[in-house]
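Here is the structure we will look at.
The values are calculated or read from the model by the stated rules, or taken from the named source; none is laboratory data. Quantities reported herein were computed from a predicted structural model and do not represent experimental measurements. Here the Cβ positions follow ideal geometry from the backbone for every residue, glycine too, while neighbour counts run over all protein chains shown.
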Amino acid sequence: MLEVQSIVKTFNSGTPNEVHSLRGVSLTLEPGSWVIIIGTNGSGKSTFLNAVAGMFFVDEGSIRLAGRDVTRWPEYARAELIGRVFQNPFSGTSPSLTIRENLSLAARRGRSRGLGWGMKSTLVSKMRDEVSRLNMGLEDRLENAIGSLSGGQRQALTLLMATWLRPELLLLDEHTAALDPKSADLLIALTEKVVAHDKLTTLMVTHSMHQAASLGDRLIMMHRGQIIHDFQGAEKRRLRPDDLLARFEEVRRAEQLDESAAQMLAEKYI
Amino acid sequence: MSLLIGTFTIGFILSLLALGVFISFRIFAFPDITADGSITLGASVAATLLVHGVSPPLASLAAFGAGMVAGACTGTLHTRFKINSLLSGILVMTALYSINLHVMGRSNVPLLSVTTLATQAERIGLGVTRGVTSFNLAGWDVSVRDASVLCAIAFAVALTGTLLYLFLRTNLGMAMRATGDNVQMIRALGVNDATMIVFGLAISNGFVALSGSLLAQYQGFADVGMGIGMVVWGLASVIIGEALVGSNQVGLTLVGAVMGSVLFRLMVAVALRWGLSPNDLKLITAVFVFFALITPQFLRKARLRSAHA
Ligand SMILES: Nc1ncnc2c1ncn2[C@@H]1O[C@H](COP(=O)(O)OP(=O)(O)OP(=O)(O)O)[C@@H](O)[C@H]1O
Ligand SMILES: [Mg+2]
C-alpha cells in the first residue's frame, strides 16, 4: 500500500539552522493496517507524515502509494489518494464556508471541479445522514459557517471530510491533541469506527500513551529522524502504556549519556 | 435631478469595480493593485474598438477579456515566480500604463460621435417613450436619456452580480472561496491553489476592466490617468458594503459591495456639493479607508478594555 524507501529531509540545508528532520526512514504498510507513531518532540513524526502527504519533496528516497510512485507528485495531486486530519482544528476546514459547502468540497477530493452545481439533493441528504451519525446535532446546522463550531466538532467534521471518499491512506497527526479529554475520546471512538468500517490504511501520530497502546495493530517509535522501534502483531498487542514510557526513559538516558560523554570529551580535549 | 441620476449611474458602473476588488481582497485576501491599471485597460480597449466600429457589447466583452489577461499575469507572477502579492500587482499595473498608451495610441480617446452602450440604451429608452424626451417624477423633471442609461446599467449590474453569485456556488467557485479561506485544507482536498489564484485574479480584473469600459462609454472618453486610486475607491465601497449588510453570506456580501459603491458615490457627490475641492477627493478617500480599516481594531480594544474594567 504505502512503501517509503529511506527518505531523507534536511531543512535549511547549508545554513547554521540546518535540521536533519528525517535521516533515512523506511516503512512499508500492508493494506488495512493501522500504524501508530510515537516519539519525542522534534523527532520527525510530523515531518514524516508531511513528506508522505507531499507538503514538500524529500531530498532522497522514494515514496510509493497504491502502486504509484508519488515521490514527485505535488501535494494537491497526492490528495486524490490521501485523507488527512491535522492537529490544529482550524487547519482542516474552511471557516467562512458552511458545513454543507465544506462537505461538498470534500466529496470531490482529488476530482475535477467545474461549473457543476455543488449541492445535489442526493448529496445533501447523504450529508444529513452522515453528519447525524456524529451525534453532535450538527445535521440541523448544515447552513452554519464552520467558524461557529467548537474544535471537537470541527475535528469530527474534518475526519468525515477526509474519509468521505475512501482514501488509500489516512494520515492523522495528533488529531486529538488540541481537544479536551471528552472530545478527544469521542473523536477516537469515531476514528476507530470509520477505520474499521472502511478498512482504511492509517498512519496516526499521538502523544497519548493510552491511545498508542490501545489503538492500531503496529507501533513505531521515532527518534532524531529515524525509526528506532517497530512493534507488530502479538508484540504490539502486549504493549502497555508503561512499556512505552519505559522506552521513552531509555531514549532519555541514552541522550544524557551522549551529552555527558560529549561533555567529558570537551573537558578533556578543548 | 439629472445630477442625482448621474451619481447613481456612476455608482453602479463602479460597483463592478467593487465586485472585482471584493474577489481579490476579500475572497482571496490578495491585495491586488492591478485594478488601477486594468480599469484603464478596460476603458482603452473598449474605446479603441468602438472607434474602429466594433459593436458596443462586443467591445465591452473584449475589455473583460483584456482585464482577465492582466489579472492572470499578476496571479502568475505571484504563484509561479513567488513574487510578493503587492509587488506582483504593482509590476503589472506599471506595465499596463504603457500598454494602455499603446492600445489607445495617445493619452485620451474621445467617444463623442461613436455608438456606445450608453447611446444604445438612450435609443431604446426613447423608443419606449415614443420620442418623448423627459417625464415628470414626483415633481422632478427627468430626462429619458439619463433614466434609460441608469436602468440599463442597473440591469447589467444585477445580471453580472447574479452570474458571479451563481459561479461562487459551483464546485469551482466554492474551491476558489476555500482557497482564500484555508490553503492548507484546499490542497489536502486536491485543489491546485496556484491555479485558483490565477483564475480568481483573472475574474476579478475582468470585472474591473468591464467597469472601466462602461465608465468610458458613459463619460464619452477613455483617459490613461483614469485608473489612479481606483483600488482604494473599490475597497472603500467594499468596506461600506460590509458595514451595511453586516453578514458574510456570499449573496449578501455581493449585494453589499454594490450598495456600498452607490452609497460611496453619493457621499462623494454630497461632499463635492458642499464645496470639497475635487483635487482633495483622493486624499479624502484614502483617509476614509484608513479610518474604516482601523475602526474594527479600535472597537475590539475598547471592548476588551471595558470588559476588564
Ligand atoms: N518547515 C520546517 N522548516 C524548518 N524546520 C522544520 C520544518 N518542519 C520541521 N522542522 C524541524 O524538524 C524537526 C522535526 O520536527 P517535527 O515537526 O517532525 O517533529 P515531531 O516529531 O512532529 O514533534 P512534535 O511531537 O513536537 O509534534 C524539528 O526540529 C523541527 O524544528
Ligand atoms: Mg508534530
Among the residues that make up the range A:24-45, is at least one of them more than 16 Å from ligand 2 (Cβ to nearest atom), closer than 17 Å to A:Val85 by Cβ and of a type in the set (A, V, I, L, M, F, W, C)? yes
Can you give me the ranges of the helices (runs of 4 or more DSSP H) entirely in the range A:33-148 with at least 2 residues that are closer than 27 Å to A:His229 by Cβ? A:45-53
Yes/no for B:Ser247 being among the hydroxyl-bearing types (Ser, Thr, Tyr), under 27 Å from A:Thr98 (Cα atoms) and touching a Leu at 6+ places or on another chain (Cβ under 9 Å): no
In the range A:145-181, what count of residues is obtained for those that are polar (S, T, N, Q) and either within 11 Å of chain B (Cβ to nearest Cβ) or without any contact (Cβ under 8 Å) to a residue 24 or more places away in the chain (or both)? 3
Among the candidates A:Glu101, A:Glu30, which residue alone is surrounded by 15 or more Cβ atoms within 10 Å (Cβ to Cβ), at pLDDT below 95 and of a type in the set (Asp, Glu)? A:Glu101
Report whether or not A:Glu3 is charged (D, E, K, R), more than 14 Å from ligand 2 (Cβ to nearest atom) and in a loop (DSSP other than H, G, I, E, B). no
Sort out which residues of the range B:138-160 are surrounded by fewer than 16 Cβ atoms within 10 Å (Cβ to Cβ) and free of Cβ contacts under 8 Å to residues at least 24 places away in the same chain, and write them in order of number. B:Ala138, B:Gly139, B:Phe155, B:Ala158, B:Leu159
With respect to the numbered conditions (1) in contact (Cβ under 8 Å) with a residue 24 or more places away in the chain; (2) under 20 Å from A:Arg84 (Cβ atoms), which one is the sole condition not fulfilled by A:Asp243? (2)
Selection count, the range A:46-64, where residues are within 14 Å of ligand 2 (Cβ to nearest atom) and either hydroxyl-bearing (Ser, Thr, Tyr) or in contact with an Asp or Glu (Cβ under 9 Å, 6 or more places away or on another chain) (or both): 6
Exactly one of (1) away from ligand 1 (no atom under 11 Å from the Cβ); (2) modelled with pLDDT under 95; (3) more than 18 Å from A:Leu169 (Cβ to Cβ) is unmet by A:Met1. Its number? (3)
Can you tell me which residue is farthest from ligand 1 (Cβ to nearest atom) among those in the range A:13-30 that are within 16 Å of A:Val52 (Cα to Cα) and not hydrophobic (A, V, I, L, M, F, W, C)? A:Glu30
Among the residues listed as A:Thr163, A:Thr191, A:Thr176, the single one being at pLDDT 90 or above, closer than 28 Å to A:Met1 by Cα and in contact with a Gly (Cβ under 6 Å, 6 or more places away or on another chain): A:Thr163
Starting from the range A:31-46, keep only residues that are basic (Lys, Arg), then list their pairs with residues that are near ligand 1 (Cβ under 7 Å from one of its atoms) whose Cβ atoms are within a distance under 9 Å, requiring at least 6 positions of separation or different chains. A:Lys45/A:Gly39; A:Lys45/A:Glu174; A:Lys45/A:Val205; A:Lys45/A:Met222
Tell me, which helices (runs of 4 or more DSSP H) lie completely within the range B:90-196 with 1 or more residues that are touching an Asp or Glu at 6+ places or on another chain (Cβ under 6 Å) and over 23 Å from A:Leu123 (Cβ atoms)? B:144-168, B:183-188
Hey, any hits in the range A:55-63 for a residue that's within 14 Å of another protein chain (Cβ to nearest Cβ) and without any contact (Cβ under 8 Å) to a residue 24 or more places away in the chain? yes
Among the candidates A:Ser43, A:Ser91, residue that is of a type in the set (S, T, N, Q) and buried (at least 21 other Cβ atoms within 10 Å of the Cβ): A:Ser43
Answer residue from the range A:46-65, given it is away from ligand 1 (no atom under 15 Å from the Cβ) and crowded, with 16+ Cβ neighbours inside 10 Å and is farthest from A:Ala212 (Cα to Cα) among those: A:Gly61
